[in-house]
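The values are calculated or read from the model by the stated rules, or taken from the named source; none is laboratory data. As the structure is a prediction and not an experimental result, all values here were calculated from the model. Cβ placement follows ideal geometry from the backbone for every residue including glycine, while neighbour counts extend to all protein chains displayed.
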């Protein structure tokens, strides 16, 4: 659950309008974010007050706490003069709209409580979203995946797990799950075939419940060395002429798994001499010249595999810069000739 869209209720809008009309006070809005089971604070006034009330708006106005009355024990008044209210042990259902009313101010708070992120396991190992992972298939050349979801508890909530491999749908499983505090836990399992010596594959678990959606993606494969590297550019119709104030992007790509991260982009400075201009997959070209890249991967623990593999070459021309350089050279040459002539005349 990355974001929660909070809408001002019709009732709260009417209350705010009535207050602004009667007193000339405009409600100030605040946006609060907090983690589940942590705390947050509502600072209701910048001036000393004689009284304050905090309400939560769901489908109606619900009183939470006043100076003399506490409805929810998780709320405490830390400073009664300025009406600073602490809320402890936050739960996902605490997300929403809160109004704090004092004799001096009217403050509106939109609270977003972050839930517990879903997890995906392969062969009971937890992996990080959008990561590369080395696998070791069993004797049947398969890997077991498990998608575990933690979503906000809602009545009759049903969670759908949609599995795909390399953007091809594999299965859809619906679960009602089990309650865990303020969350609804559910999980789905699948076996995915990789094949001995097969290439890496992108595995995706898409989790849906109600209006909430989470997507977990990872690339999984067996290690193999980089064998092919290519240098590509973003030129339209492969026109490698660089116009004035234009930039051409070149990108180095290679096979191997994990994907190559040890990369050098080089520019030719003499017939057989090349100079590194970047140690990353992309580079912006603005000058005339010929470029290539070299890449190799590693085995996942920092140990380099094999040697650098060189790519194809790409050549670019920037006639405006070439003309500017030539003009400067002619200007410098003219200055030198003028200086020599002056010396001859002086002698």
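For this structure, a couple of remarks:
- Residue within the stretch 44-54 that is surrounded by 15 or more Cβ atoms within 10 Å (Cβ to Cβ) and touching a residue at least 60 places away in the same chain (Cβ under 8 Å) present: yes
- Of the residues making up the stretch 33-41, at least one is outside any strand (DSSP E or B) and either on the phi > 0 side of the Ramachandran plot or assigned by the TED database to the domain that holds residue 179 (or both).
- If the condition is being part of a loop (DSSP other than H, G, I, E, B) and in contact (Cβ under 8 Å) with a residue 60 or more places away in the chain, then the stretch 227-245 contributes 227, 228, 240, 242, 243, 244.
- Restricting the stretch 89-101 to residues that are in a loop (DSSP other than H, G, I, E, B) and surrounded by fewer than 18 Cβ atoms within 10 Å (Cβ to Cβ), the residue that is modelled with the lowest pLDDT: 91
- Among the criteria (1) surrounded by 14 or more Cβ atoms within 10 Å (Cβ to Cβ); (2) in a strand (DSSP E or B), the one residue 260 does not fulfil is (2).
- Any hit, the stretch 125-135, residues being assigned to a loop (DSSP other than H, G, I, E, B), assigned by the TED database to the domain that holds residue 59 and under 25 Å from the mean Cα position of the chain (by Cα): no
- Per-region count, the stretch 180-221, residues farther than 19 Å from residue 146 by Cα and out of contact with any helix residue (DSSP H, G or I) (no Cβ under 6 Å at 6 or more places or on another chain): 9
- Considering 191, 179, 208, the condition of being in a strand (DSSP E or B), at pLDDT below 90, over 25 Å from the mean Cα position of the chain (by Cα) and more than 30 Å from residue 307 (Cβ to Cβ) is satisfied by 179 alone.
- Within the stretch 144-166, at least one residue is outside the structural domain of residue 308 (by the TED database), part of a loop (DSSP other than H, G, I, E, B) and modelled with pLDDT of 80 or more.
- Any hit, the stretch 102-122, residues being surrounded by fewer than 17 Cβ atoms within 10 Å (Cβ to Cβ) and modelled with pLDDT of 90 or more: yes
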